[in-house]
Amino acid sequence: MARDMCTEVRIEAFNALAKMQRVSEGVLLQSLSKKIIKTDTGSASSIKGKKLPPKLSFPCAAGIFAHGVEDEFYQVRTIACKTLGALAKLSNQYAQKALDLLMDMMNDDTEAVRLQTLQALFDMATYGCLSMQEKHMHMFLGILMDANVVVRNAARKILG
């Protein structure tokens, strides 16, 4: 649904994803990458002598967020950023990879997308899963000089 032709369906799909409370880390990570993540399908694991089925891959989740943040409609990009931030609390590894997409969104032409990106980063900081890397600092410092005062204030809010 996140790739549906209808804009409203894509928006609602990302809204629904933001409400998820339990999802495997593999699916989360797959949603960030357009490439199908390989899983260990050659060996089945066992617990207490019982064989477990091999891990499943979820190719349908591949690149959902990569497509969402590249959408032609700013409303879809905005909700995709919100959802990225909301799901970050579920996995630290996911949060670090989602940060790369969110930092790219700081350069979006639309003010609403930049503001939602900053809100997502603030939420990640609140959850304790925002770990800014040196490679992101120039983008973040650049947003502190944004032409829009609301965007600058939102960036300052993250710095605390």
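Is it the case that Thr117 is assigned to a helix (DSSP H, G or I), crowded, with 19+ Cβ neighbours inside 10 Å and among the hydroxyl-bearing types (Ser, Thr, Tyr)? The answer is yes for Thr117. Out of the residues in region 94-114 that are more than 14 Å from Met139 (Cα to Cα) and within 11 Å of the chain's Cα centre (by Cα), which is surrounded by the fewest Cβ atoms within 10 Å (Cβ to Cβ)? Top of the filtered list is Gln96. Would you be able to say whether some residue in region 55-78 is surrounded by 11 or more Cβ atoms within 10 Å (Cβ to Cβ), modelled with pLDDT of 95 or more and of a type in the set (Lys, Arg)? Yes, region 55-78 contains a residue that is surrounded by 11 or more Cβ atoms within 10 Å (Cβ to Cβ), modelled with pLDDT of 95 or more and of a type in the set (Lys, Arg). Screening Ala86 against (1) surrounded by 15 or more Cβ atoms within 10 Å (Cβ to Cβ); (2) more than 20 Å from Arg10 (Cα to Cα) leaves a single unmet condition, (2). Per the listing Met145, Met103, the residue uniquely without any contact (Cβ under 8 Å) to a residue 40 or more places away in the chain and part of a loop (DSSP other than H, G, I, E, B) is Met145.
Do we have Ser131 as within 20 Å of Ser33 (Cβ to Cβ) and surrounded by 16 or more Cβ atoms within 10 Å (Cβ to Cβ) here? Considered against the rule, which asks whether it is within 20 Å of Ser33 (Cβ to Cβ) and surrounded by 16 or more Cβ atoms within 10 Å (Cβ to Cβ), Ser131 comes out as no. Residue pairs whose Cβ atoms lie under 8 Å apart, separated by 6 or more positions or on different chains, with the first residue in region 1-30 and in contact (Cβ under 8 Å) with a residue 12 or more places away in the chain and more than 15 Å from Ala62 (Cα to Cα) and the second surrounded by 15 or more Cβ atoms within 10 Å (Cβ to Cβ) and among the hydroxyl-bearing types (Ser, Thr, Tyr), are Asn15/Thr83; Ala18/Thr83. Scanning region 115-127 for residues that are farther than 21 Å from Ser31 by Cα and among the small types (Gly, Ala, Ser) turns up at least one hit.
The values are calculated or read from the model by the stated rules, or taken from the named source; none is laboratory data. Quick caveat: nothing in here was measured; it's all calculated off a predicted structure. Don't worry about glycine lacking a Cβ; one is built from the backbone with ideal geometry, like all the others, and counts go over all protein chains shown.
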